[in-house]
Amino acid sequence: MQNKTAVQNKTEPFTRNTKIEEVINAPSFDGFGRLLFPMDEYYYSGDTLEELQLTYYSHIDPDETVEIVNTLRDRAADGHPIFYDIYTDEEKAADPAKADTGLFFFKGTPGEKFAICNAGGAFAYVGAMQDSFPHALELSKKGYNAFALIYRPGAQTACEDLARAIRFIFDHADELEVDTDCYSLWGGSAGARMAAWLGSYGAEAFGGGNLPRPSAVIMQYTGLSEYSESDPPTYACVGDRDGIANWRVMQARLGAMQEAGIDTEFHVYSGLGHGFGLGTGTSAEGWINDAVSFWKKQMKK
């Protein structure tokens, strides 16, 4: 198992005024700090953490951004692995795009179940700082072992990377100290499609081998309509002013799944557009608690 972590004396915490470039180049991040933000600078703007804006996203909370990067740096400084390569050096040499992938690890209670969070970005980039890191951090606070996947843009390659990530975690479960039973897949926008497709078709369909399907899929704001009768239990939420993902399409999909005997839960939040993440300070605030309760219900079955 390959991991990258650097131990250094703790320095002053990152703040809202910290430059994004400073975070990317922080020694604790040992060269993978570049993966914290979109690899293509076209998809984000702002010089500081407070100014960070991501294409397609709304309600970015600078305090959450600061907490995420401080949490990761502190854990790295304490000698804890926070990033894992999912491909070997040989695989990355054969396909250089695989060098821009990996799993950021937000460790929870040793031996607890795990979740993989997948950010959106229209399969053009990975909006992790709004759409997967905050979720993974909150899940780790609740004791779960949460991973945020940085994948290759493109629907097929993204699903291949997610399948590989699931395989990686299963293969290294003892070292990672995670329980692989009843794991969950989370995602927003394009990331929600990844979670849903892996739930529908399984990891084997994307090169991950014969692995158990997730016990729950947690989706945010994506207008996916397809499903299969073997889909896992699914929780979904969206804003009623989302101009990218129509809430009625999401509601219809989950309704059809429910009729097919699949456990579902759906929430639509007033006044919200696309990409609200955790929804802090909005009508969606606290939705993640409902999603965790839904996941826990599946664990008991």
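Beta bridges from DSSP with both residues in the range 105-192: antiparallel share about 15 percent, rounded to the nearest 5. Each Lys or Arg adds one and each Asp or Glu takes one away; over the other residues whose Cβ falls under 11 Å from the Cβ of N246, this sums to +1. Net length available on complete extension from R34 to D89 is 18.0 nm, with 0.36 nm assigned per residue and the Cα-Cα distance removed. The residues of the range 127-229 have, on average, 29 Å² of accessible surface per residue, using a 1.4 Å probe with all protein chains present. So how far, in whole Å, is the C-alpha centre of the range 32-79 from the one of the range 101-147? Measuring centre to centre over Cα atoms gives 14 Å. Here the accessible area is traced with a 1.4 Å probe on the protein chains. For the chain, carbon and sulfur cover 45 percent of it.
The computed log10 I(q)/I(0) by the Debye sum over Cα atoms at q = 0.07, 0.08, 0.13 Å⁻¹ for the structure shown corresponds, within (1) -0.26, -0.34, -0.96; (2) -0.23, -0.30, -0.85; (3) -0.36, -0.46, -0.96, to (2). Annotation: peptides 98-109, 239-250, 275-286, ranked by per-residue average of other Cβ atoms within 10 Å with the highest first, follow the order 98-109, 275-286, 239-250. Here the simple spin-label model places points 7 Å from the Cα toward Cβ, and for S228 and V249 these points are separated by 2.2 nm.
When each of the peptides 116-128, 144-156, 183-195 is scored by the mean number of other C-beta atoms lying within 10 Å of its residues, the order from highest to lowest reads 183-195, 116-128, 144-156. Using the structure shown, select from K98/K296; K19/K98; K19/K141 the pairs with a Cα to Cα distance greater than 31 angstrom. Flagged as over cut-off: K98/K296.
When only Cα pairs below 8 angstrom with a gap of at least 6 residues are kept, the range 154-301 shows a relative contact order of 19 percent. What residues of the range 206-222 lie in the reach of a label at A256, counting those whose backbone N is under 17 Å from a point 7 Å from the Cα along Cα→Cβ? Within reach of a label on A256, which here means backbone N under 17 Å from a point 7 Å along Cα→Cβ, the range 206-222 contributes 222. So what is the calculated 222 nm ellipticity per residue for the chain, using -39500 (n - 2.57) for each DSSP H run with n of 4 or more, over all residues, to the nearest 500 deg cm²/dmol? For the chain, the value works out to -9500 deg cm²/dmol.
A straight chain from A124 to D74 at 0.36 nm per residue would run longer than the Cα-Cα distance by 15.0 nm.
Surface analysis of the range 29-95 yields an accessible area of 44 Å² per residue, using protein heavy atoms and a 1.4 Å probe. Length gained on full extension, D263 to E51, computed as 0.36 nm times the residue gap minus the Cα-Cα distance: 72.3 nm. Across the chain, C-alpha contacts under 8 Å between residues 6 or more apart give a mean separation that, scaled by the residue count, equals a relative contact order of 14 percent.
On the basis of the beta-carbon distance and an R0 of 45 Å, D171 and E12 show a calculated FRET efficiency of 0.75.
Expressed to the nearest 5 percent, the antiparallel share of DSSP beta bridges inside the chain is 30 percent.
The Stokes-Einstein estimate for the range 154-301, based on a Kirkwood radius over Cα pairs and taken at 25 °C with 0.890 mPa s viscosity, is a diffusion coefficient of 157 µm²/s. Counting Cα-Cα pairs of the range 1-140 in 5 Å increments starting at 0 gives whole-percent bin shares of 2, 10, 19, 23, 22, 15, 7, 2, 0.
The values are calculated or read from the model by the stated rules, or taken from the named source; none is laboratory data. Remember, it's a predicted structure, so these values are computed and weren't measured experimentally. Cβ atoms come from the backbone with ideal geometry, glycine included; neighbour counts cover every protein chain shown. The protein model used for the area step is the full one, side chains on, heavy atoms only, and it has no ligands, DNA or RNA in it. Shrake-Rupley method; radii C 1.70, N 1.55, O 1.52, S 1.80 Å.
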